[in-house]
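What follows is one structure encoded as structure tokens, with my remarks underneath.
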Amino acid sequence: MKRITYWILSTISALVLLFGYRTSTSGSMGGGTATSLAGNAGATDTGFSSSSSLNAAAATGTASSFTGNVASTRWGPVQVQITVQDGNITDVTVPEYPTSSRQDQQINSSALPVLIKETISAQSAKIDMVSGATVTSQGYLQSLQSALDEAGL
């Protein structure tokens with residue numbers, strides 16, 4: 001009888017732990033606090049920006065910037081700003097992204113440049129997410145889409 005009781009209790013405990021575990025892709029994405037970084041506020045190394053050669057080329061049209069809505073993610077806010085010239089995305093900056101922990105900084109320092117490069121290459125929000133940075137990628141895509149909507153692209 002004692003063995004059956006232990007077996008039942010351990011099974012219940014295992015099920016509670018299994019179903020109580022929250023992954024980065026489950027549940028609500030509200031939440032974490034993060035330090036905000038201003039992308040173009042005079043500082044040279046804050047935020048992420050593309051280093052596209054398209055940015056250097058002077059085209060006939062005037063470049064306009066469009067800032068997407070802040071996407072609240074589990075690890076902090078993400079915001080994307082795009083520069084559009086002659087209907088093409090010529091530059092992407094990320095003025096706000098999660099930086100509250102060392103792990104956030106490490107993940108985003110490698111993920112954001114990839115997302116920026118793919119955005120400029122695809123000229124849309126139809127890009128792949130970065131493995132290992134799923135939450136930031138989702139926030140990036142959400143904010144990017146609102147910037148593209150604002151730009152009429």
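Quote to one decimal, in nm, the extra length available between Ile12 and Leu153 on full extension: 0.36 nm per residue of separation minus the C-alpha distance between them.
Gain in length upon complete extension: 45.6 nm.
Working out 0.36 nm times the residue gap between Asn69 and Ser109, then minus their Cα-Cα distance, what length gain in nm do you get to one decimal?
Taking 0.36 nm per residue and subtracting the Cα distance, the gain is 12.3 nm.
Using per-residue counts of other Cβ atoms within 10 Å, averaged over each peptide, order 111-117, 125-131 from highest down.
111-117, 125-131
Quick one: which of 94-106, 68-80, 7-19 comes out on top by average Cβ neighbours within 10 Å, and what's the full order, highest first?
68-80, 94-106, 7-19
Given 0.36 nm per residue, what is the gain on full extension from Arg102 to Asn88 after removing their alpha carbon distance, in nm? Mind dumping the intermediate values first?
Values: separation 14, 0.36 × 14 = 5.04 nm, distance 3.46 nm.
The Arg102-Asn88 span can extend by a further 1.6 nm.
Read-outs: derived from the displayed coordinates by stated rules, not from any lab. Computed from a prediction, not measured in an experiment: that's the story for all the values here. Note that each Cβ is placed from the backbone with ideal geometry, even for glycine, and that neighbours are counted across all protein chains shown.
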